[in-house]
Amino acid sequence: MSRQYITTAIDYPNAAPHMGHVLEKVLADTVARWFRLRGDEVRFQIGTDEHGVKIQRTAEAEGLTPKELVDRNVPLYQDLYKRLNISYDKFIRTSDQKEHWPTVIELWKKLDKAGKLNKRNYTGLYCSGCERFMTKKDLEEGKCVNHKKEPEEVTEENYFFDLSADGENLKNLLTKDWDGEEYRMVPQFRENEILSLVDQGLEDVSFSRPKSSLEWGIGVPGDDDHTMYVWCDALTNYISGLGFFTDKEDRSWWDKPTKVTHIIGKDIARFHALIWPAMLRHSGVRIPDKLLIHGFLTSEGEKMSKSIGNVVIPDEVLEKFKGNPDPLRFYLSHEIPVDRDGDFSWDRIVKIYDSKLRNDLGNLLNRVLVLIDKEGGKLGDVGKSSDLMCDGWKAYEDSLNNFQLDNGLGLAMNITSKCNQYIDEKKPWGLEGDEKVAVLSELAEALRHIALMLLPFVPKTSERMLVQLGLKVPQTLEGKTEWGSEKDWKKVGEPEILFEPLE
C-alpha cells in the first residue's frame with residue numbers, strides 16, 4: 001500500500017470563499033478519493049492563511065479585530081467544503097498558536113542558524129493583494145497583473161531569506177536533482193516558466209515586516225519589533241499540520257516512502273517551486289515529490305469582477321441544484337482540464353446538468369432499473385465481457401494517475417452514451433424471456449462500472465447509483481473492476497429519480 005500526503009493552498013479568509021477556492025478543493029478531493037480507491041493510504045490537508053496586511057486592513061475597515069474577522073470568516077470555508085463533500089482529514093489554521101506557531105518558530109530558528117536570514121533596510125514595491133514585494137518586471141503598465149493596482153513604494157527594515165544564492169541548486173532540483181532530491185511539476189510546461197525566472201536571477205525574499213506595518217502575525221523569535229511575513233508563516237502549514245519540530249511530530253506522512261503532492265494555482269507556483277524547497281532544504285527537511293498546478297476560473301469568458309457583475313457565488317450554485325454538490329463537482333471536472341484555465345457559465349452548467357447528468361446518466365439508470373423491476377428485480381448472467389466498456393479501466397486508471405481528470409470522467413460518460421445507444425438498438429422492453437434478462441443484466445453491469453468510475457468525481461451520485469443497483473459502496477476498487485466480478489449480485493434495489501428537473 002502506498003502512502004499519499006495531499007495538500008492544497010491555504011485560503012485567505014479576508015472575505016467569503018469564491019469559486020477559485022471551490023475549483024482547487026474539488027480537484028484535490030477528486031485526487032484524494034482516487035488514491036484511496038486504488039488502495040493508497042491518504043492524508044488530505046486544507047486550511048486557512050489568516051495573517052497579513054490584507055487581513056489587518058480589512059478588519060480595521062469593518063471595525064473588527066483581525067481575530068474577530070478570521071473567526072467569523074473561517075467557518076464559512078469549513079461549512080462550504082462540508083457541503084461540497086470535500087473529504088479532507090485535516091484543517092489547519094495559521095492563527096492556531098498551539099498547533100501551527102511552534103513549528104513556524106522552530107523553522108525560523110533553523111533557517112537563522114543556517115545563516116539564511118539577515119536583516120537590512122529595503123525599498124520596494126509592495127502589493128497588499130499579493131502580500132509580497134514586486135519588481136518592475138512583475139508589473140504590466142506599472143500595475144500588479146492579478147489585482148490591476150499600482151503597488152505601494154515601501155521603505156523599511158526587514159529580515160530577508162537568502163534565496164539568490166540557491167539559483168543553481170533550484171534549477172538542478174527542477175531538471176535533475178538537488179543532492180538526490182527531485183521536485184516534479186505537473187503539467188511539465190510550468191517548469192519552463194519557473195526555470196526562466198531562475199535564469200533571470202533570483203532575489204532575496206522579505207521574510208518579515210516591522211510591527212509598525214504588520215502587527216497581526218507571528219513574532220520573529222528574539223526580535224519584538226518584527227512580525228513574520230507570509231512565506232515562513234503560510235508555507236509552513238504543510239509541515240505544521242504534522243507537528244514538525246515538536247513533541248507531536250509525525251514524519252511518516254512526509255518522509256519517504258510517502259509521496260507528498262502540493263495542489264496549487266498557477267499564480268503561486270513560483271513560491272512553491274522556489275522559496276518553499278529552499279526553506280526545507282536549509283532546515284533539514286526533505287523536499288516534496290510533486291507540484292500539481294491548476295489554472296484560473298473565469299466567468300462567462302471574462303475574469304470574475306464585482307464591477308463587471310460576473311462574480312459567481314458558490315452558495316448560489318449549490319442553491320440552484322437544491323444543495324446537491326455533484327452538478328458543480330461534475331461541471332468543474334468535466335469542463336476544465338487540470339492544466340488549463342477554465343470558464344464557468346450558468347447556461348453551460350444547466351445544459352450539462354440536463355444533458356449529461358439528468359438525461360444521459362439519470363434516465364439510463366432509471367430506465368434499466370424500471371425494466372428489471374418488471375422482471376422481478378432479478379439479474380441473470382452478465383457474460384464474460386461487453387463491448388459497452390469502450391476503452392475500459394486501463395485507460396481510465398492511466399488518466400487519473402496522470403491527473404488527466406477530465407479525460408477519466410469523459411471515459412465514464414462514453415460508456416454511459418454507449419449504454420444509451422445499446423438500449424435504443426436492442427429495445428429491451430420489446431424482448432422476452434432469457435434474451436430480455438441478458439440485455440438488462442449486461443446494462444446493469446455496465447452501470448456498476450460507471451458508478452465506480454464516478455466515485456472520485458461525484459461521490460454522492462455514485463453511492464446512490466450503487467444502492468439502487470443493490471450493491472454496497474466499496475472502500476477500494478480491488479477485485480471490483482473485472483467484468484462480472486460481483487458473483488453474488490442477483491437482485492437490484494428500488495429505482496429512484498437520480499436528478500430532478502430544474503425549476
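The values are calculated or read from the model by the stated rules, or taken from the named source; none is laboratory data. Just so you know, these numbers come straight off a predicted model, no measurement behind them. A quick note on method: Cβ atoms are made from the backbone with ideal geometry, for glycine too, and the neighbour counts reach across all protein chains shown.
Looking across Val26, Val42, Val31, Val70, one residue alone is over 30 Å from Lys480 (Cα atoms) and outside the structural domain of Leu455 (by TED's automatic domain parsing). It is Val70. Taking the criterion of being more than 30 Å from Lys176 (Cβ to Cβ), surrounded by fewer than 19 Cβ atoms within 10 Å (Cβ to Cβ) and in contact with a strand residue (DSSP E or B) (Cβ under 6 Å, 6 or more places away or on another chain), the residues of the range 284-300 that qualify are Thr298, Ser299. Within the range 165-201, the residues that satisfy the criterion of being in contact (Cβ under 8 Å) with a residue 12 or more places away in the chain, closer than 23 Å to Gly115 by Cα and not acidic (Asp, Glu) are Gly167, Asn169, Leu170, Lys171, Leu173, Trp178, Val198, Gly201.
One line per residue, one yes/no per condition, for (1) under 19 Å from the mean Cα position of the chain (by Cα); (2) buried (at least 17 other Cβ atoms within 10 Å of the Cβ); (3) small (Gly, Ala, Ser):
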{"site": "Phe330", "(1), (2), (3)": "yes, yes, no"}
{"site": "Asp343", "(1), (2), (3)": "yes, no, no"}
{"site": "Arg348", "(1), (2), (3)": "no, no, no"}
{"site": "Tyr396", "(1), (2), (3)": "no, yes, no"}
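Contact annotation: residue pairs with Cβ atoms under 7 Å, 6 or more positions apart or on different chains, pairing a residue in the range 379-392 that is over 7 Å from Glu442 (Cβ atoms) and modelled with pLDDT of 90 or more with a partner that is among the charged types (D, E, K, R) and part of a loop (DSSP other than H, G, I, E, B), are Leu379/Lys490.
Can you find even one residue in the range 434-456 that is without any contact (Cβ under 8 Å) to a residue 60 or more places away in the chain, in contact with a helix residue (DSSP H, G or I) (Cβ under 9 Å, 6 or more places away or on another chain) and over 25 Å from Tyr396 (Cα atoms)? Looking through the range 434-456, at least one residue is without any contact (Cβ under 8 Å) to a residue 60 or more places away in the chain, in contact with a helix residue (DSSP H, G or I) (Cβ under 9 Å, 6 or more places away or on another chain) and over 25 Å from Tyr396 (Cα atoms). In the range 368-387, is there at least one residue being crowded, with 17+ Cβ neighbours inside 10 Å, within 32 Å of the chain's Cα centre (by Cα) and at negative phi? Scanning the range 368-387 turns up no residue that is crowded, with 17+ Cβ neighbours inside 10 Å, within 32 Å of the chain's Cα centre (by Cα) and at negative phi.
On inspection, His51 passes the criterion of being in the same structural domain as Gly219 (by TED's automatic domain parsing), touching a Gly at 6+ places or on another chain (Cβ under 7 Å) and surrounded by 21 or more Cβ atoms within 10 Å (Cβ to Cβ). Here Val285 clears all of (1) more than 30 Å from Phe207 (Cα to Cα); (2) in the same structural domain as Thr7 (by TED's automatic domain parsing) except the condition numbered (1). Condition check for Asp162 on (1) without any contact (Cβ under 8 Å) to a residue 24 or more places away in the chain; (2) charged (D, E, K, R); (3) over 25 Å from Gly265 (Cβ atoms): one failure, at (1). Inspection of the range 85-100 finds a residue satisfying the criterion of being touching a Pro at 6+ places or on another chain (Cβ under 7 Å) and within 22 Å of Glu24 (Cα to Cα).
Listed here are the strands (runs of 3 or more DSSP E) enclosed by the range 200-266 that have at least 1 residues being out of contact with any Ser or Thr (no Cβ under 9 Å at 6 or more places or on another chain) and of a type outside the set (D, E, K, R): 259-265. Contact annotation: residue pairs with Cβ atoms under 6 Å, 6 or more positions apart or on different chains, pairing a residue in the range 320-334 that is in contact (Cβ under 8 Å) with a residue 40 or more places away in the chain and outside the structural domain of Thr30 (by TED's automatic domain parsing) with a partner that is in a loop (DSSP other than H, G, I, E, B) and not hydrophobic (A, V, I, L, M, F, W, C), are Pro325/Asn85.
Using the structure shown, decide if Phe457 is buried (at least 17 other Cβ atoms within 10 Å of the Cβ), of a type in the set (Phe, Trp, Tyr) and either under 25 Å from the mean Cα position of the chain (by Cα) or at pLDDT below 95 (or both).
yes
The residues in the range 389-438 that are in contact with a Phe, Trp or Tyr (Cβ under 8 Å, 6 or more places away or on another chain) and either of a type in the set (A, V, I, L, M, F, W, C) or assigned by TED's automatic domain parsing to the domain that holds Ile263 (or both) can be counted, and the count is 6.
Only one of the listed residues (Thr155, Thr103) is modelled with pLDDT of 95 or more, assigned by TED's automatic domain parsing to the domain that holds Glu249 and either outside any helix (DSSP H, G or I) or surrounded by 13 or more Cβ atoms within 10 Å (Cβ to Cβ) (or both). That residue is Thr103.
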